[in-house]
Amino acid sequence: MRLGLRISRLALALAIGAAFAVPNRGGAEVPAQPLRVCADPDDLPFSSARAGTPGLYIELGQQIAQSLGRPFEPVWALSYFGKRAVRTTLLAKTCDAFVGLPGIKGFMGPQLVYSKPFLHIGYAIMAPAGAHITRLDDLSGKRVAVQFSTPPQMVLAERDDVKPVTFLNPEEAVKALEHHDVDVAFIWGPVAGYLNRTSLHDAYEVTPIAGEGMQYPVKIGFNRADIDLRDKVDEALDAARPAVADLAAKYGLPTAAPIELASLDDTSSPIMILASSSEPEPPAAAQQATAEPARDATQPDPDAVAEGHAIFNGTCSHCHGPDAVQSVRKIDLRLLHHRYGDNTATVFHETVTKGRPAKGMPNWSAVFSEDDFKKIYAYLSTIQTD
């Protein structure tokens, strides 16, 4: 997780054309309205504020804007804030379209309308050329890099013959593979493919893996009032299919058909690096039942708890698990009171407002209000256990 919502000052450098114009009733030309597209400024291979490597989503957005006769203007939003990033940009009408939203049932409900899917992405196995990993048994005895709280980690947790090595992001996992600290990486496929193509000279095989929660379609999201724009973009996407394939190859995205390596439980769901970007489904009822009543003497306001729960699952679950269900004890937030006792509220507030950068915990004070923090804490206080 990183901080903040930033509007790029590089919009002019990425804009297509400076003179798109339409005539007004008096015959004079007026500038066409730009197509404002939300994208992450540091999320290659998908998007980047660097002019030399704009990323697949930016290049696609530029082509769509050109086909609509409009200038292109990126609006930068850090995608790992998940639904919050969508709320503070697209739903706040600071942009017209958000490229790269997951085409999964229930994402943002009726608030958005979506384009046709233009890409399928997901998790992949990255292995040395010639390894040909096609079954779980092929991982037996190997050190396998996985990302924290992802479907691959859940799959390998059931295997006693595999040694998972957990990383917070795919870049660290790829570096470990390159340095021979692990034998195989089972990680976010787009990043694996991009680094393999751009940094590692295609030294590895990157194979997409099928299964529940492993792959999902990618769409462009619009405010539900902008159905007409969505329809025009769909027409542009139909014409851009060959370009999308070329861009996927340019940025090294795995394009082979996913292989069926393993299945996941129904409790799993895609993790987006809008990691982006999607909000996990609640865990199974059996898991939820492990939470005990809050230790606080005064019960928090139910509305505050509900809102805090929604905020938590929209942002914090990326690292701490959906509904705070987490098997790694040191970041299991259900154990806050167990660790800190009567000092829990103070430790919580200091951590979220100052961060713990060395441990991957950012300062969230630029993103959430004090009221938001109170609601998150109200939720967490209801699920404390020993």
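The values are calculated or read from the model by the stated rules, or taken from the named source; none is laboratory data. Predicted model only: the values in this text are computed from it and were never measured. With ideal geometry, Cβ positions are generated from the backbone for all residues, glycine too; neighbour counts draw on all protein chains shown. The area values use the complete protein model at the heavy-atom level, side chains included, leaving out ligands, DNA and RNA. Shrake-Rupley method; radii C 1.70, N 1.55, O 1.52, S 1.80 Å.
List of remarks:
- Mean-position separation - Cα centroids, the range 53-131 and the range 187-248, in angstrom: 9 Å
- Exposure ranking of VAL328, VAL144 by accessible area [1.4 Å probe, largest first]: VAL328, VAL144
- Hull-based mean projected area of the range 135-217, where the convex hull spans the alpha carbons, in square nanometres: 5.3 nm²
- Note on GLN33 and ASP231: with the Förster distance fixed at 25 Å, the Cβ-Cβ geometry gives a FRET efficiency of about 0.90.
- Hits among aspartates and glutamates - C-alpha to C-alpha of LYS375 under 16 Å, sequence gap 8 or more where chains match: ASP296, ASP301, ASP303, GLU307, ASP323, GLU350
- Annotation: lysines with alpha-carbon distance below 26 angstrom to LYS116 (same-chain offsets under eight excluded): LYS83, LYS93, LYS105, LYS219, LYS232, LYS250.
- Taking N as its residue count, the alpha carbon Rg of the range 29-103 over 2.2 N^0.38 Å: 1.07
- Candidate cross-link partners of LYS142 among the lysines, defined by an alpha-carbon separation under 28 Å and a same-chain spacing of 8 or more, comprise LYS163, LYS175, LYS330, LYS359.
- For the range 329-386, with all protein chains in place and a probe radius of 1.4 Å, 53% of the accessible heavy-atom surface sits on carbon or sulfur.
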